[in-house]
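The block underneath contains the structure these notes are about, expressed in structure tokens.
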Amino acid sequence: MRGKDVFGKRAQTRISRGLVSLVLLVGAVPMLAPFLWMLSTALKPLRQIFVYPPVWIPSPVEWENFYRALTYLPFPLFFRNTMTIAIGVIVGSLISNTLVAYGFARLRFPGRDILFIILISTTMIPWMVTLVPVFLLFHKLGWVNTLLPLIVPAYFGTPFYIFLLRQFFRSIPLEISDAAKIDGCSELGIYLRIVLPLSGPVLAVMIIFSFQGVWNDFLRPLVFLNERRMKTLALGLYEFRGLEGGGTQWNLLMAASVLMVMPVILLFASFQRYFIQGVRLSGIKR
Amino acid sequence: MAESKVAVGRAVKARRVSMATGEAIRGYAFISPWIIGLIAFSLGPILASLYLSFTRYTILRPPVFIGHRNYVKLFTDDPLFYTSLYNTAYYTFLAVPLRIAVGFLLALLLNTKIRGMTWFRSMYYLPSVVPVVATSMLWLWIFAPQIGLADFILAKLHLPSPGWLQSETWSKPTLILVGTWGVGRSMVIYLAGLQDVPQVLYEAAQIDGAGPWKRFTHVTIPMMSPTIFFNLVIGIINTFQVFTSAYIMTEGGPINSTLFYNLYAYRHAFSYLHMGYACALSWILFIIVLTLTILIFRSATAWVYYETQ
């Protein structure tokens, strides 16, 4: 039932499989080597950065670069800002996207399908078109240079997650909610006590993607956060480079980069299944 | 007798209507957060942006209506408008086909029954997972003149360095290269699509005597065309809006060779505070992206194959 092995099934398969493995292995080098180079640079003393030919294994290994990188700029503060946003966004996503997706998935109302098409279409709006007015809106509200512009929109739904959740909610059999209705359960009750508990895996995907989105976000903090004390990790890392003027301390910059990259990599390593699942779901044929 | 039946019929119908109305009300209630957000963060801003594009506005003073002067300036008095448009088109129409080809090819390779498929998939996906800021810094370091890893490798191969990000000619290709490093995300989508191709089609083709290449062109490609189509649309829309990598790595340089459209509009908005002009620029972008999308959708009937056909 699944399509596999386009290239044929015979004895030649062994050779072709070996060839495929070889190509993939070779291709994996440019994928992974940069990370290793990042780590290698992070652990070098400054004088070893500019050595020619470049060395891969630093000696001595300067673990204190990580500490120095963290104190060069107030990274713990940036971390706290980023986490605040992340938690705010995740909570907002869990509330708004599930409610909206439930409405689209399990209720009927006039214009539902048209509204859903509009939902999908909004994902294709270039962000620059809405950026200036949204910025002006938050400016008028006095929210610029606070974390609010980065958190509040999450409480109004995100089309991608609404789409994801709606697909999942539709797959829950109607009989279950019908039975609950007969027992006198309210719509909200069905949502809370039946649909949500069944949605663990999709909610996990949404939480992971939301976190990743906040952690990696550069543009929106750039627009809305001016003062250093409000900045996120992404902005902090960018500022790091601008500080030096002429001679960037690449080893510290790479050390800071490693620290910024580690949590996402760890997240990915632990919850790989959810990442891949989320990406696959985003590629659903429409 | 007849009257009571009619009465019962009416009562049932009335009850059904009120149930449907109740459900509709609940439906709207559930989606209300999104509706509010739609107006506040999407539709409202789009209209506001349109209005502002006909004004001169620097935040410090109220907007001044100036008619279509912004648009006239765009088209007749702003060489950087055309430069940024050219840069963006160059980048998009090279990067998107490249990414589709590489992603698709990798997915094909990964779809074979080799051991460690999960490992490979993770390895290729990893670069697209990590923050762009961090990887931009990394690639800046790798492409650093002379001391960077890239130049070192070229020197070892006795090849001249193209100057990478410092070169007017090679800055865009370098950014395209860096962008392709993150091909893992689309690769995973292609992989999912490949695995959804029904095995029976391959078997039927084989029975009909089709060799591997014929099976590829007559089964794989048609069945994958919706996925490719989807990736093409999303790819073009997103790539046309390239911003972060240029902002961080090159700041539009050298000599505006990587001044992409969004970067240019962003500068007008937040560096020069030409909000009105920036809105005009962004509306032009909107129209361009819309036109491209419509064109691709129109062309879809020619080459996208859906199972229902």
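The values are calculated or read from the model by the stated rules, or taken from the named source; none is laboratory data. Bear in mind the structure is a predicted one, so any value in this text is a computation, not a measurement. Methodologically, a virtual Cβ is constructed for each residue, glycine included, from the backbone with ideal geometry; neighbour enumeration extends over all protein chains shown. Accessible surface is based on the protein model in full, side chains and every heavy atom, while ligands, DNA and RNA are left aside. Shrake-Rupley method; radii C 1.70, N 1.55, O 1.52, S 1.80 Å.
Identify all residues within segment A:131-152 that are in a helix (DSSP H, G or I) and open to solvent by 30 Å² or more (accessible area, probe 1.4 Å); write none if there are none.
So in segment A:131-152, the residues in a helix (DSSP H, G or I) come out as A:131-141, A:148-152.
Scanning segment A:131-152 gives A:Leu137, A:His139, A:Lys140, A:Leu141, A:Leu148, A:Val152.
Please go through (1) open to solvent by 70 Å² or more (accessible area, probe 1.4 Å); (2) at the interface with chain B (Cβ under 7 Å from one of its Cβ atoms); (3) modelled with pLDDT of 85 or more for A:Leu25 and return the number of the only condition it doesn't satisfy.
All conditions are met except number (2).
Do you know which of the residues in segment A:177-206 that are aliphatic (A, V, I, L, M) and free of Cβ contacts under 8 Å to residues at least 12 places away in the same chain is farthest from A:Ala105 (Cα to Cα)? Before the answer, list the steps.
If we filter segment A:177-206 for residues that are aliphatic (A, V, I, L, M), which is where we start, we get A:179-180, A:182, A:188, A:190, A:192, A:194-196, A:198, A:202-206.
Now narrow it down to the ones that are free of Cβ contacts under 8 Å to residues at least 12 places away in the same chain: A:179, A:182, A:188, A:192.
Working: A:Ala179: 17, A:Ile182: 20, A:Leu188: 14, A:Leu192: 15 Å.
Step by step, filter segment A:177-206, then rank; the result is A:Ile182.
Right, B:Ala192: open to solvent by 20 Å² or more (accessible area, probe 1.4 Å), modelled with pLDDT under 90 and either assigned to a helix (DSSP H, G or I) or of a type outside the set (Lys, Arg) (or both) or not?
Working: open to solvent by 20 Å² or more (accessible area, probe 1.4 Å): no; modelled with pLDDT under 90: yes; either assigned to a helix (DSSP H, G or I) or of a type outside the set (Lys, Arg) (or both): yes.
No; evaluated as a whole, the condition is false for this residue.
Restricting to segment A:121-130, name every residue that is at the interface with another protein chain (Cβ under 7 Å from one of its Cβ atoms) and either under 18 Å from A:Phe224 (Cβ atoms) or not in a helix (DSSP H, G or I) (or both).
To start, the set of residues in segment A:121-130 that are at the interface with another protein chain (Cβ under 7 Å from one of its Cβ atoms) comprises A:122, A:124-130.
Of everything in segment A:121-130, those that are at the interface with another protein chain (Cβ under 7 Å from one of its Cβ atoms) and either under 18 Å from A:Phe224 (Cβ atoms) or not in a helix (DSSP H, G or I) (or both) turn out to be A:Met124, A:Ile125, A:Pro126, A:Trp127, A:Met128, A:Val129, A:Thr130.
Which of the numbered conditions does B:Pro162 fail, given that it passes all the others? Conditions: (1) modelled with pLDDT of 90 or more; (2) surrounded by 20 or more Cβ atoms within 10 Å (Cβ to Cβ); (3) more than 7 Å from chain A (Cβ to nearest Cβ).
Among (1) modelled with pLDDT of 90 or more; (2) surrounded by 20 or more Cβ atoms within 10 Å (Cβ to Cβ); (3) more than 7 Å from chain A (Cβ to nearest Cβ), the lone unmet condition for B:Pro162 is (2).
Kindly establish whether A:Leu141 is at the interface with another protein chain (Cβ under 10 Å from one of its Cβ atoms), under 30 Å from A:Met230 (Cα atoms) and not β-branched (Val, Ile, Thr).
Details: at the interface with another protein chain (Cβ under 10 Å from one of its Cβ atoms): no; under 30 Å from A:Met230 (Cα atoms): yes; not β-branched (Val, Ile, Thr): yes.
Here the answer is no, as A:Leu141 does not meet what is asked.
Which number in (1) open to solvent by less than 20 Å² (accessible area, probe 1.4 Å); (2) at pLDDT 90 or above; (3) within 10 Å of another protein chain (Cβ to nearest Cβ) marks the one condition that B:Tyr247 misses?
(1)
Which of the helices (runs of 4 or more DSSP H) found entirely inside segment A:197-270 contain at least 2 residues meeting this: more than 12 Å from chain B (Cβ to nearest Cβ)? Please lay out each step first, then the result.
Numbers: elements: A:200-216, A:219-224, A:233-243, A:250-270.
So the answer is A:200-216.
Looking at (1) of a type in the set (Asp, Glu); (2) away from chain A (no Cβ under 13 Å); (3) under 18 Å from B:Ser167 (Cα atoms), which is the only condition B:Asp77 fails?
Failing condition for B:Asp77: (3).
For residues that are in contact (Cβ under 8 Å) with a residue 24 or more places away in the chain, assigned to a helix (DSSP H, G or I) and of a type in the set (Ser, Thr, Tyr), scanning just segment B:208-258, find the one that is farthest from B:Ser171 (Cα to Cα).
Step by step, filter segment B:208-258, then rank; the result is B:Thr220.
Take the residues in segment B:36-57 that are among the β-branched types (Val, Ile, Thr) and surrounded by fewer than 15 Cβ atoms within 10 Å (Cβ to Cβ), then tell me which one is farthest from the other protein chains (Cβ to nearest Cβ). Explain how you work it out, then say what you get.
We begin by selecting, within segment B:36-57, every residue among the β-branched types (Val, Ile, Thr); these are B:36, B:39, B:46, B:55.
Next, only the ones that are surrounded by fewer than 15 Cβ atoms within 10 Å (Cβ to Cβ) stay: B:36, B:39.
On the way: B:Ile36: 6, B:Ile39: 10 Å.
Per the criteria, the residue is B:Ile39.
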